[in-house]
Amino acid sequence: MRFGWRAISGPLLTAAIALLLILLDRFAPLPSPAPLFVCVVAIAGALSGFASAMTSAAIAVAGAALFFFGHRAMPFHAAADLVGLLAVTAFGTAGITGLIRQRLLDNFAAERQSHALAVRLSAALDEVDIGIVLLDAETRAEFINRAFRDYFALPDEKADDKPPFIALMYHGRDTDAFDLPEDELGLFIAQRMEMVRIGDATPINIALRNGEVLRFVCTALPDGGRMLSTTPVTDLVRHTDAPDRADYYRSLRDPTARKLIRHLRVAE
């Protein structure tokens with residue numbers, strides 16, 4: 001038991017109450033102090049833990065014994081029964097409150113450690129050039145790192161407001177971030193929404209209006225959420241593009257994907 005005002009306050013208060021009650025009982029009969037002693041033991045356990053509560057319980061039992069045995073109106077056997085009952089109650093209360101306090105302190109320490117780790121991890125993810133977004137099971141953004149905010153000119157106020165994924169896509173559309181014709185943006189957003197909905201991990205390249213190319217990957221998480229990563233691959237794509245294949249790549253687009261458009265309208 002660490003000695004400090006918390007550790008000694010319970011035993012001192014218990015001893016003071018016991019002495020005061022014994023003194024007052026000499027002048028006027030007093031009711032049983034057992035409930036008061038139990039309350040003090042519980043307070044000692046809450047303030048300083050198991051050791052302080054047990055010490056207070058021992059002092060309470062000793063003080064109660066002196067009080068009851070000196071109480072002339074009470075038979076000896078009745079006083080012994082009350083002291084025994086108080087001992088069981090006081091030590092039980094001390095054990096319960098001490099254990100509860102220790103468990104609360106352990107949980108608080110674990111939460112503080114987890115919070116510190118989360119802060120460190122968040123700071124580390126803000127240093128990488130890969131855009132990262134963590135979505136919950138309802139596709140609402142729980143975390144958006146600095147790189148993603150910079151790629152799509154996403155204000156901190158909007159990013160910290162936990163926007164849904166569709167709002168992030170519409171932000172990119174409204175800020176003219178995607179290097180796509182206007183009539184293809186709706187289908188593009190619908191395809192990305194469907195990819196996130198089913199957890200499709202197929203990587204795709206997203207061309208931005210500023211000339212950068214990002215490789216987009218959606219990873220399904222065990223809790224039903226999604227992790228979205230956007231890796232800059234501008235140099236890789238620009239060096240491997242085949243200009244004569246541009247028409248072929250455009251032909252792969254499906255402008256009649258009505259099912260995806262329907263999913264987009266549901267999301268809206």
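The values are calculated or read from the model by the stated rules, or taken from the named source; none is laboratory data. Please read all numbers here as calculations on a predicted model, not as lab measurements. No Cβ is skipped: glycine too gets one built from the backbone with ideal geometry, and neighbour counts run over all protein chains shown.
Please go through the stretch 13-27 and pick out each residue that is hydrophobic (A, V, I, L, M, F, W, C), surrounded by 14 or more Cβ atoms within 10 Å (Cβ to Cβ) and within 30 Å of Gln102 (Cβ to Cβ).
Kept after step one, since they are hydrophobic (A, V, I, L, M, F, W, C), are these residues of the stretch 13-27: 13, 15-24, 27.
Filter again for surrounded by 14 or more Cβ atoms within 10 Å (Cβ to Cβ), leaving 13, 15, 17-18, 21-22.
Answer for the stretch 13-27, where residues must be hydrophobic (A, V, I, L, M, F, W, C), surrounded by 14 or more Cβ atoms within 10 Å (Cβ to Cβ) and within 30 Å of Gln102 (Cβ to Cβ): Leu13, Ala15, Ile17, Ala18.
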Consider Leu104 against the criteria (1) assigned by TED's automatic domain parsing to the domain that holds Glu184; (2) loosely packed, with under 12 Cβ neighbours inside 10 Å; (3) not basic (Lys, Arg): it satisfies all of them except one. Which criterion is unmet?
(1)
Could you check Phe148 against (1) more than 25 Å from Leu236 (Cβ to Cβ); (2) more than 22 Å from the chain's Cα centre (by Cα) and say which number it fails?
(1)
Tally time: how many residues in the stretch 123-146 are over 21 Å from Leu208 (Cα atoms), in a strand (DSSP E or B) and out of contact with any Pro (no Cβ under 7 Å at 6 or more places or on another chain)?
4
Pairs where the first residue, in the stretch 17-29, is over 15 Å from Phe69 (Cα atoms) and the second is at pLDDT 75 or above and not in a loop (DSSP other than H, G, I, E, B), C-beta under 7 Å, 6+ apart
Ile17/Leu36; Ile17/Val40
Ala110 versus (1) outside the structural domain of Arg226 (by TED's automatic domain parsing); (2) buried (at least 17 other Cβ atoms within 10 Å of the Cβ); (3) at pLDDT 90 or above: which is the lone unmet condition?
(2)
Expected single match for assigned to a helix (DSSP H, G or I) and surrounded by fewer than 17 Cβ atoms within 10 Å (Cβ to Cβ) among Leu30, Leu36 is Leu36
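Quick grid of which residues meet (1) within 29 Å of Leu12 (Cα to Cα); (2) among the aliphatic types (A, V, I, L, M); (3) free of Cβ contacts under 8 Å to residues at least 12 places away in the same chain; (4) touching a Leu at 6+ places or on another chain (Cβ under 7 Å):
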site	(1), (2), (3), (4)
Val61	yes, yes, no, yes
Ala78	yes, yes, yes, no
Gly92	yes, no, yes, no
Arg103	yes, no, yes, no
Glu111	no, no, yes, no
Arg120	no, no, yes, no
Leu125	no, yes, no, no
Glu138	no, no, no, no
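Filter the strands (runs of 3 or more DSSP E) completely within the stretch 147-239 down to those with at least 1 residues that are of a type in the set (Ser, Thr, Tyr) and surrounded by 17 or more Cβ atoms within 10 Å (Cβ to Cβ). Before you say what the answer is, go through the steps one by one.
Details: elements: 204-207, 213-220, 226-232.
It comes to 226-232.
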Is it the case, given these coordinates, that Leu134 is in the same structural domain as Thr234 (by TED's automatic domain parsing) and surrounded by 18 or more Cβ atoms within 10 Å (Cβ to Cβ)?
no
